[in-house]
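Participant: The structure under discussion is supplied below as structure tokens; questions concerning it will follow.
Where a number appears in this text, it was derived from the coordinates with a stated rule and is not lab data. Just so it is clear, the structure is predicted and the values come from calculations on it, not from any experiment. Note that each Cβ is placed from the backbone with ideal geometry, even for glycine, and that neighbours are counted across all protein chains shown.
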Amino acid sequence: MGLCVLGTLPLELVLGARVYRQPRRLFLAMLVPLCVFVVWDVLAISWGHWTYTPRYVSGWDLPGSLPVEELVFFLVIPVCGLLTLETVRKLRGR
Amino acid sequence: MGTYTLLTLIGVVLVIAYELVVARTGIFRTGSYWIAMGIIGFFQILVDGWLTKLSSPIVNYDPDSFSGIRVFFDSPLEDFGFGFAMVTLTMVMWDQLGARFGDGSTVSASVVDAGETDDHELDAARGATDPSSGQST
């Protein structure tokens, strides 16, 4: 996840995606998807759809047996997606 | 076919319906969206593959809950529906919020742009300010 953040940082800093520079819009855009997909993840964990190999996760769980890594995933990936979209738009003249 | 398969289908349909019926940002008609999704899809293959590769999986899937179809580096096919729904919903909401909370570059750029996305971007700006569509959630 750290690599995803670092790898997409130039999109904001060099190519001018202007995603991090609109923090209010970014926060609000992520709020609903974050809640929806965290709930999905918690349900999937409780129903046994997937499990995490203990030695590859920190062992720090949030309520609902949600590994802290999953929350990081739900924060990082949508931001990377928005950075990609805004960069493509910018390069194509929107 | 299992419950993860079913949830994925429901999730994808709901996100598409949200865009087409409620948000109506027009994002599916823009080339930039599909190009971005292609790039994101490529990186999902790598990241998801690293999480799911059967040689040393970080995430283990219950065989009865998904379709059993694994693609690329052993990623369950459903993961791509999950990713599509999550990223698309975020983008749609981002565009909905653009007119009100954007830094101005989104709307002003679309107004002066004479390219193929012009009308759709204007639709997006309208959709975000139109109380009948933007506020209904």
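Participant: Name every residue in the range B:38-55 that is in a helix (DSSP H, G or I), within 12 Å of another protein chain (Cβ to nearest Cβ) and either farther than 14 Å from A:R92 by Cβ or among the acidic types (D, E) (or both), in order of residue number.
Facilitator: Of all residues in the range B:38-55, those in a helix (DSSP H, G or I) come to B:38-52.
Remaining after also requiring within 12 Å of another protein chain (Cβ to nearest Cβ): B:38-44, B:46-48, B:50-52.
Hits for the range B:38-55 are B:I40, B:G41, B:F42, B:F43, B:Q44, B:L46, B:V47, B:D48, B:W50, B:L51, B:T52.
Participant: Restrict the check to the range A:16-26 and report whether at least one residue is more than 30 Å from B:T5 (Cβ to Cβ), at the interface with chain B (Cβ under 7 Å from one of its Cβ atoms) and among the polar types (S, T, N, Q). Steps first, answer last, please.
Facilitator: Step one: filter the range A:16-26 for residues more than 30 Å from B:T5 (Cβ to Cβ), giving A:16-26.
Remaining after also requiring at the interface with chain B (Cβ under 7 Å from one of its Cβ atoms): A:18, A:21-22, A:24-25.
Remaining after also requiring among the polar types (S, T, N, Q): A:22.
Checked against the condition, which is being more than 30 Å from B:T5 (Cβ to Cβ), at the interface with chain B (Cβ under 7 Å from one of its Cβ atoms) and among the polar types (S, T, N, Q), the range A:16-26 yields at least one hit.
Participant: While we're on this one: Quick check on my filter: what residues within the range A:67-83 are within 21 Å of B:Y61 (Cβ to Cβ), hydrophobic (A, V, I, L, M, F, W, C) and surrounded by 18 or more Cβ atoms within 10 Å (Cβ to Cβ)? Spell out how you get there, then give the answer.
Facilitator: At the first step, the residues of the range A:67-83 found to be within 21 Å of B:Y61 (Cβ to Cβ) are A:67-74, A:77.
Checking the rest, the ones that are also hydrophobic (A, V, I, L, M, F, W, C) come to A:68, A:71-74, A:77.
Across the range A:67-83, the qualifying residues are A:F73, A:F74, A:I77.
Participant: Where the second residue is surrounded by 19 or more Cβ atoms within 10 Å (Cβ to Cβ) and of a type in the set (G, A, S) and the first is part of a helix (DSSP H, G or I) and lies in the range A:11-27, which pairs have Cβ atoms under 6 Å and are six or more apart or on separate chains?
Facilitator: A:L11/A:A17; A:R25/B:G102
Participant: Could you tell me whether B:G31 is closer than 24 Å to A:W40 by Cα and not β-branched (V, I, T)?
Facilitator: No.
Participant: Looking at B:R24, B:R70, can you tell me which residue is charged (D, E, K, R), in contact (Cβ under 8 Å) with a residue 60 or more places away in the chain and more than 10 Å from chain A (Cβ to nearest Cβ)? Reasoning before the result, please.
Facilitator: Values: B:R70 fails: in contact (Cβ under 8 Å) with a residue 60 or more places away in the chain.
None of the others qualify; the one that does is B:R24.
Participant: Between A:G59, A:G93, which is surrounded by fewer than 22 Cβ atoms within 10 Å (Cβ to Cβ), at the interface with chain B (Cβ under 9 Å from one of its Cβ atoms) and not in a strand (DSSP E or B)?
Facilitator: Numbers: A:G59 fails: at the interface with chain B (Cβ under 9 Å from one of its Cβ atoms).
None of the others qualify; the one that does is A:G93.
Participant: Could you say which residue among A:V72, A:V38 is in a helix (DSSP H, G or I) and in contact with a Leu (Cβ under 8 Å, 6 or more places away or on another chain)?
Facilitator: A:V38
Participant: Also: Taking the range A:38-47 as the search range and keeping residues that are surrounded by fewer than 14 Cβ atoms within 10 Å (Cβ to Cβ) and closer than 16 Å to B:D64 by Cα, which one is nearest to the other protein chains (Cβ to nearest Cβ)? Before the answer, list the steps.
Facilitator: Of the range A:38-47, the ones surrounded by fewer than 14 Cβ atoms within 10 Å (Cβ to Cβ) are A:39, A:43, A:46.
When the remaining residues are screened for being closer than 16 Å to B:D64 by Cα, the result is A:43, A:46.
On the way: A:L43: 8, A:S46: 11 Å.
Checked the range A:38-47; the qualifying residue nearest to the other protein chains (Cβ to nearest Cβ) is A:L43.
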